[in-house]
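The structure appears right after this line, and notes come after that.
The values are calculated or read from the model by the stated rules, or taken from the named source; none is laboratory data. All values derive from a computational prediction rather than experimental measurement. Neighbour counts are summed over all protein chains in view; Cβ atoms, including those assigned to glycine, are modelled from backbone coordinates with ideal geometry.
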Amino acid sequence: MEPTTSVNQYQCSGCKADMAFDPDLGQLKCPYCGHAEAMPEVTATRLRSTLQEHDLAAFINTNRTQIAQLATTAQEVSCPGCRATISFEPPDVAGKCPFCATSIVTQESHASDPTLAPSALVPFTVGRKVALKNLRDWLAFRWDWKDLKAIFLPGQLKQLAQNKALTGVYLPFWTYDAQTASRYRGERGEHYYETETYTTTNADGKQERKTRQVQRTRWYSKSGQVSRFFDDVLVPATRAISEKKLKQLWPRLTVSKLKPYSAEYLAGFKAQRYEIPVKEGFERAKAIMADGIRSDVRSDIGGDTQRIHSVSTDYSQETFKHILLPVWMATYRYGGKTYQVMINAQTGTVMGERPVAKWKVALAVAIAAIIVITLIVTATG
């Protein structure tokens, strides 16, 4: 495929510059003359059609689900550092990889290859200014003994709160629906109490006998079946960020925030193509469903406590959809390691990794030692 170096779709009708999506306005806005244009109108019919699920078995077996580029003008680059495939829309440029901070040369980008089209996305609603403020608050020095890294944070990290340090990225996710029917074998435990006699030594050094109530458990075999319908189980489709971190950043999906996918939302932002295939994503969704199923099994077994020996689950009505979720990212290197800070661009929640400035730790230890020595000298003087 021939390299593509420039595209121009969302032109400002006033000055002909490339427009970008403005989270504060919820519209396309020209960064030069300020002209704004409304996003495409979303009718109830289009929203229902967009959020319709794809049949999972049909896709896996025939691989004939709608495919499309993220946008007709999208440019893709492959990061030489972490190998993530990133799409971006003008007027954005490649710059640095939002995941590992490796420099990416824009001239090596190419038109994006066809991929499974996103059904919907949650647009950026937290703008850059608010995201930077939240990042500055997160980086601010504070005495918090529950979070020592906030005390010993390197001073150089303040540069992260600069305007250009944040990159807006749409991350790929899958959502899965499934009806489950689970057969189980286990045991129900019912507590009872017995009076136990024991010997202890009293304050006078004499032994005396006392009694106490001790909890025991009777176990009864139990088997049965539980069923549950899982709706919109959210699974990250990227390998560039750990699943654990993304679950903390996006613990759940608010379906009402979804908008039908439109390439205009990508204007001025990057978007990562999914790396985890649909089938693998469903296996991860099953692991999430398993927690809910085991909870249902425990409730069905009843009693005071439960033992689960086996659970066998059948899945039906399995469907999925591909969505994009917005994140502000700042990636930096310190002490030879790469750290990521992410901001949920829908809620403003900040989550990231903080390194520790070793010299600050050493200084704190030295000051503490001086204080202890001073107190000892004073006490013995």
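Assorted remarks:
Residues checked against (1) within 30 Å of Glu275 (Cβ to Cβ); (2) out of contact with any Gly (no Cβ under 6 Å at 6 or more places or on another chain); (3) touching a residue at least 24 places away in the same chain (Cβ under 8 Å):
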position: Thr197; (1), (2), (3): no, yes, no
position: Arg212; (1), (2), (3): no, yes, no
position: Lys222; (1), (2), (3): no, no, yes
position: Arg239; (1), (2), (3): yes, yes, yes
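- Within segment 150-191, the set of residues being at pLDDT 60 or above, of a type in the set (A, V, I, L, M) and more than 30 Å from Gln225 (Cα to Cα) comprises Ala165, Leu166, Val169, Leu171.
- Per-region count, segment 227-261, residues under 15 Å from Pro123 (Cα atoms) and touching a strand residue (DSSP E or B) at 6+ places or on another chain (Cβ under 8 Å): 7
- Residue-level analysis places Leu253 among those that are within 21 Å of Glu280 (Cβ to Cβ) and either of a type in the set (Asp, Glu) or part of a loop (DSSP other than H, G, I, E, B) (or both).
- For Pro251, the requirement of being in contact with a helix residue (DSSP H, G or I) (Cβ under 8 Å, 6 or more places away or on another chain), in the same structural domain as Ile343 (by TED's automatic domain parsing) and within 28 Å of Ile60 (Cβ to Cβ) is not met.
- Single residue of segment 205-242 satisfying the filter (in a loop (DSSP other than H, G, I, E, B) and not assigned by TED's automatic domain parsing to the domain that holds Ala84) that is modelled with the highest pLDDT: Lys206
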